[in-house]
Amino acid sequence: MKRLAVAAGLVGALLAIHVPGAGATDPSPCPTPGTSSGSRVSCPAPTDPNQAAYDQLKTRLGGDVARALTAQQRLRRTLDQFAGIEQSLTAEVAQEEATIARLEQQIAKLDAEIADTQERIEVEKKELAVMSRAIYREPDSFWLLIARTGNLHDALIATADAVVAGQRAHALQDMSARA
């Protein structure tokens, strides 16, 4: 498309040139047959008075076309470089989008783990509250425990249950402190 526009411009410039001093001349520089002797006169080919202008125009247009072709080649190289840059940037964007997708999956997985951990913490807090109330209600001394249960066997079982509950409470307390 650009070449067509350049060619049309060149033809227009060629047609628009007005060469000063170019006028109608006698096309035949040869003498007329009446003035010639009987011998044959060889006439050189008639010279075009506009030939110098045509040659100058050809030279000038040739230089313009050469500069236009050089500019076109530079533009093509630049466009090819930009196409390469665009491809590399597109590849980088695709790679970064894949990284973002992986990170979003990890975030979703961690969010699910956090939600599960928070649910477990809430359950364990409730268990800890129940155990704390049960331990608070237990008597302060072993003798009061024996008196309340009525026999030594039940007092020992209640004491063992209290020890296990206390150990579980400490474990829950340690886990909730770490979370």
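With a Förster radius of 41 Å, plug the Cβ-Cβ distance of Ala171 and Ile85 into 1/(1 + (r/R0)^6) and report the FRET value to the nearest 0.05.
On the way: r = 60 Å, r/R0 = 1.47.
The computed FRET efficiency comes out at 0.10.
Over segment 77-116, the pair-distance histogram of Cα-Cα distances with 5 Å bins from zero comes to 6, 22, 13, 14, 10, 10, 8, 6, 6, 3, 2, 0 percent, rounded to whole numbers.
Along each principal axis, taking the top coordinate minus the bottom one, the Cα set of segment 52-113 gives 90, 10, 6 Å in descending order. With each label modelled as a point 7 angstrom along the Cα→C-beta vector, the Gln73-Glu119 pair spans 7.2 nm. In plain terms, the bigger the Kirkwood radius, the slower the diffusion; for segment 87-179, with that radius from Cα pairs, at 37 °C and 0.692 mPa s, Stokes-Einstein puts D at 189 µm²/s.
Read the figures in this text as sums done on the coordinates, not as results from a lab. Owing to the predicted nature of the structure, the values given are computational and were not obtained by experimental measurement. Neighbour counts are summed over all protein chains in view; Cβ atoms, including those assigned to glycine, are modelled from backbone coordinates with ideal geometry.
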